[in-house]
Amino acid sequence: MNPDDATLTRLLTAARTIAVVGLSNKPERDSNEVARYLKNQGYQIVPVNPNLTEVLGEPSFPDLAAIPKEIRVDVVDIFRRSDEVPSVVHEAVERGVGAIWMQLGVRNEAAAGEASAHGVPVIQDLCIMQQHRRLHIPPRGGQ
């Protein structure tokens, strides 16, 4: 079960840095559109894709563990198949991220259970961009 609207609003308002796992450099892909939107809203985007060195002007990392420790990751937004989620969630929990967000169509109850057991909030099968718009979250930094 996903958090209520008040919790989603608090999470999206407090977040500063969002690691986007599976971020594509192709503008027509959902991951790219969502990351562009989030970046335009003032979030720091950290691309995670082992096949790319840069996306949307940001350096890309092969996995969450490769992101420098000085970069605090508030939300991990997952654009991967549901069966690939457990390893990402395990890395996210190990890193100590603030929340895990599985995009529309992505669900994995076992992985969600692992995150929840470590006190990490989990959102499944929802688009972070759609929810940001629906909840009328203002842009970061008053943009």
Packing rank of 20-26, 2-8, where each peptide gets the mean count of other beta carbons within 10 Å, highest leading
20-26, 2-8
Put in order of increasing Cβ neighbours within 10 Å, starting from the fewest, Ile18, Ile78, Ile137 give Ile137, Ile18, Ile78
With θ set to phi - 60° and the Karplus curve 6.51 cos²θ - 1.76 cosθ + 1.60, what are the ³J(HN,Hα) couplings of segment 56-69 in order, to the nearest whole Hz, using x for Gly and Pro?
6, x, 10, x, 9, 10, x, 7, 5, 5, 7, 5, x, 4
For Phe61, list long-range residues whose amide hydrogen, built 1.01 Å from N in the peptide plane, is under 5 Å from its own amide hydrogen.
Val48, Asn49
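Pairs of Cα atoms under 8 Å, at least six residues apart: use those to get the relative contact order of segment 1-96, whole percent.
Here the relative contact order equals 29 percent.
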Amide H of Ile123 versus every other amide H placed in the peptide plane: which residues, excluding those fewer than 5 positions away on the same chain, fall under 5 Å?
Ile100, Trp101, Met102
Which is the longest run of the chain containing none of the trypsin sites (Lys or Arg not before Pro) found in DSSP loop states (not H, G, I, E, B) with at most 16 other C-beta atoms within 10 Å?
30-68
Longest site-free stretch - the chain; sites: GluC sites (Glu not before Pro), DSSP loop, at most 12 other Cβ within 10 Å
71-143
Which of His136, His118 comes first, and how do the rest follow, when ranked by fewest Cβ neighbours within 10 Å?
His136, His118
Packing-based exposure ordering (other Cβ within 10 Å, fewest first) of Met102, Met1, Met129:
Met1, Met129, Met102
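No value in this document is a laboratory result; all are computed from the given coordinates. The structure displayed is predicted, hence computed values, not measured ones. Please note: Cβ atoms are built from the backbone with ideal geometry, for glycine as well, and neighbour counts cover all protein chains shown.
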